[in-house]
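Please read the structure below before turning to the comments.
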Amino acid sequence: MLRGGSFRAGFVLAAIALASAAPSLAGEGAAAPWHAVDADTGQIRDVEGLKALAEAFPDSSSVRLRLLNAQLGVEDFEGVLASLSWLKQRGYVFSETAQGQIPELVGETFAARARALLIQKAETIEASEVVATVPAEAGLVEGLFAPESDNVLLATSITGNSLHLFEPENGWSDARIPGANDLSGIVSEPDNSMGWIASANLDGSEDESGLFTGLIGLTGDIDNPILVPAPEGAAVSDLTISGDATVYASDPLNGGIYRKPVGATELEVFIAPGTFRSPQGLALSADDKRLYVSDYRYGLAIIDLTSGEVRRLSSDVPVILDGTDALFRHGNDLIAIQNGTSPVRISAFTLSENGTRIIAARVLEQAHPGWTEPLGGSIAHGALYYVATGQWDRFVKGEPAADKPAIPTEIRRLALSAPPD
């Protein structure tokens, strides 16, 4: 076990460099409105209702698939072909079973056209390398931080409620934080004086009473953390931090966004549940004026940090923006780990000068044979370090599945293009 005093002075965490500036949401090229979503939004079933939802979220494959199913249900086969065309243009690949069923469902008149709109097999793009492997005993590894100033790695465990440190010369060591719940998002303050980790019951486990929900702050002494509680009912997970050390946290289970200004002793509600359904990855603009948020089923949003206004990040090019688990900014690109679409991919979305639109997109890695489910990560040393073999399918309410024992977790490094000067 790692002792508090040995856990690297200042938590060995470094800030992610802020590289380029972008103006506010207002003015020419302003972002599109964001339509509030909640549990009821997911219950829309009729074609007309789903068409309206697809207009509100034009870059969501989840919404488009729901529309496709509704169109099949009412035998709107021209509509089915339009939805299949939308999905093909964005590289969506159906399962082999679905590829066999869809032509049969549309009937002989439309079958050939439907088959022509189905991508038979996902293109494999391999561009990363394994840099470390967390032992299986760590359980479900979720978050990862790679300091810019060092070659160590820090990983968090959902099921172990533990923190794991990798040093090239010593390998892995682990530490438990008193009272911690499931540990996920992890960030550093800009001056490296403190690290923050999200703690909450995220896996539905039958936790013992009294485990902490909120942000855990660590300096050099892991046995004496600083605790910043979340509002009752919240379950914080992904984190990002601004240049002035304001921490932002998303709640994927209940839909809220929270923040901790410098010196605050409690997390405050920034965006209440009901605007987002399942906010996950967070990334800040270079000037810290806006927050990019991934809503897992609906796409990417932009929050003006001064006014609190929420808008939708629109795209000038065909893209899929939903299914984004982790989100980062690298120069003028948003880097998205998209494990909720098909094929699973890591994408780079280039932002317009004012930061309100996507003007180009490219797939950095896709359908990697070494992946199970890519999860959280961190950008450092010109690369994305990320969890490549996520294990959510190997645990049930915090306990190992009977037929799927835990496996070691691979950490991969994906080199990124240098941001422009």
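The values are calculated or read from the model by the stated rules, or taken from the named source; none is laboratory data. Quantities reported herein were computed from a predicted structural model and do not represent experimental measurements. As a convention, Cβ positions derive from the backbone with ideal geometry for all residues, glycine included, and neighbour counts pool all protein chains shown. Please note that ligands, DNA and RNA were not included when accessible areas were found on the heavy atoms of the full protein model with its side chains. Shrake-Rupley method; radii C 1.70, N 1.55, O 1.52, S 1.80 Å.
Looking only at segment 173-188, residues that are modelled with pLDDT under 95 and in a loop (DSSP other than H, G, I, E, B) come to 3 in all.
Residue by residue, here is whether (1) among the hydrophobic types (A, V, I, L, M, F, W, C); (2) closer than 23 Å to P33 by Cβ holds:
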{"site": "A301", "(1), (2)": "yes, yes"}
{"site": "S307", "(1), (2)": "no, yes"}
{"site": "D325", "(1), (2)": "no, no"}
{"site": "N332", "(1), (2)": "no, no"}
{"site": "N339", "(1), (2)": "no, no"}
{"site": "P343", "(1), (2)": "no, no"}
{"site": "L351", "(1), (2)": "yes, yes"}
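Here T133 meets the list (1) open to solvent by 40 Å² or more (accessible area, probe 1.4 Å); (2) among the polar types (S, T, N, Q); (3) outside any strand (DSSP E or B) almost entirely, failing just condition (3). With respect to the conditions (1) surrounded by 19 or more Cβ atoms within 10 Å (Cβ to Cβ); (2) within 22 Å of K397 (Cα to Cα); (3) among the acidic types (D, E), E189 falls short on a single one, namely (2).
Within segment 87-131, can you find the residues that are in contact with a strand residue (DSSP E or B) (Cβ under 8 Å, 6 or more places away or on another chain) and within 13 Å of L68 (Cβ to Cβ)? Full working, then the answer.
We begin by selecting, within segment 87-131, every residue in contact with a strand residue (DSSP E or B) (Cβ under 8 Å, 6 or more places away or on another chain); these are 91, 122-131.
Hits for segment 87-131: nothing passes.
Please work out which residue is least open to solvent (accessible area, probe 1.4 Å), limiting yourself to segment 111-130 and to residues that are touching an Asp or Glu at 6+ places or on another chain (Cβ under 8 Å) and in contact (Cβ under 8 Å) with a residue 24 or more places away in the chain. Of everything passing the filter in segment 111-130, S128 is least open to solvent (accessible area, probe 1.4 Å).
Tell me which strands (runs of 3 or more DSSP E) are completely within segment 279-327 and hold 3 or more residues being free of Cβ contacts under 8 Å to residues at least 60 places away in the same chain and in contact with a Leu (Cβ under 7 Å, 6 or more places away or on another chain), or say none if there are none. Steps first, please.
Numbers: elements: 279-284, 290-295, 299-304, 310-312.
Once the strands (runs of 3 or more DSSP E) in segment 279-327 are filtered for at least 3 residues that are free of Cβ contacts under 8 Å to residues at least 60 places away in the same chain and in contact with a Leu (Cβ under 7 Å, 6 or more places away or on another chain), what remains is 279-284, 290-295.
Exactly one residue out of V236, V269, V262 is over 17 Å from T324 (Cβ atoms), assigned to a strand (DSSP E or B) and either of a type in the set (V, I, T) or free of Cβ contacts under 8 Å to residues at least 12 places away in the same chain (or both): that is V269. Listed by position, the helices (runs of 4 or more DSSP H) enclosed by segment 61-123 that each have at least 3 residues that are under 23 Å from G299 (Cβ atoms) are 61-73, 77-89. Between D288, D238, the distinction of being buried (at least 22 other Cβ atoms within 10 Å of the Cβ) and out of contact with any helix residue (DSSP H, G or I) (no Cβ under 7 Å at 6 or more places or on another chain) belongs to D238 only. If we scan segment 34-44, do we find a residue that is of a type outside the set (A, V, I, L, M, F, W, C), modelled with pLDDT of 95 or more, buried (at least 19 other Cβ atoms within 10 Å of the Cβ) and assigned to a helix (DSSP H, G or I)? No: zero hits.
Scanning segment 302-327 for residues that are open to solvent by 10 Å² or more (accessible area, probe 1.4 Å) and among the β-branched types (V, I, T) yields a count of 3. Only one of the numbered conditions (1) out of contact with any Lys or Arg (no Cβ under 6 Å at 6 or more places or on another chain); (2) surrounded by 15 or more Cβ atoms within 10 Å (Cβ to Cβ); (3) without any contact (Cβ under 8 Å) to a residue 60 or more places away in the chain; (4) part of a helix (DSSP H, G or I) is not met by L50, and that is (1). Residues in segment 214-233 that are part of a loop (DSSP other than H, G, I, E, B), open to solvent by 10 Å² or more (accessible area, probe 1.4 Å), of a type outside the set (S, T, Y) and in contact (Cβ under 8 Å) with a residue 24 or more places away in the chain: G220, D221, D223, N224, P225, A230, P231. What residue, among those in segment 140-168 that are outside any strand (DSSP E or B) and in contact with a helix residue (DSSP H, G or I) (Cβ under 9 Å, 6 or more places away or on another chain), is surrounded by the fewest Cβ atoms within 10 Å (Cβ to Cβ)? Checked segment 140-168; the qualifying residue surrounded by the fewest Cβ atoms within 10 Å (Cβ to Cβ) is S149.
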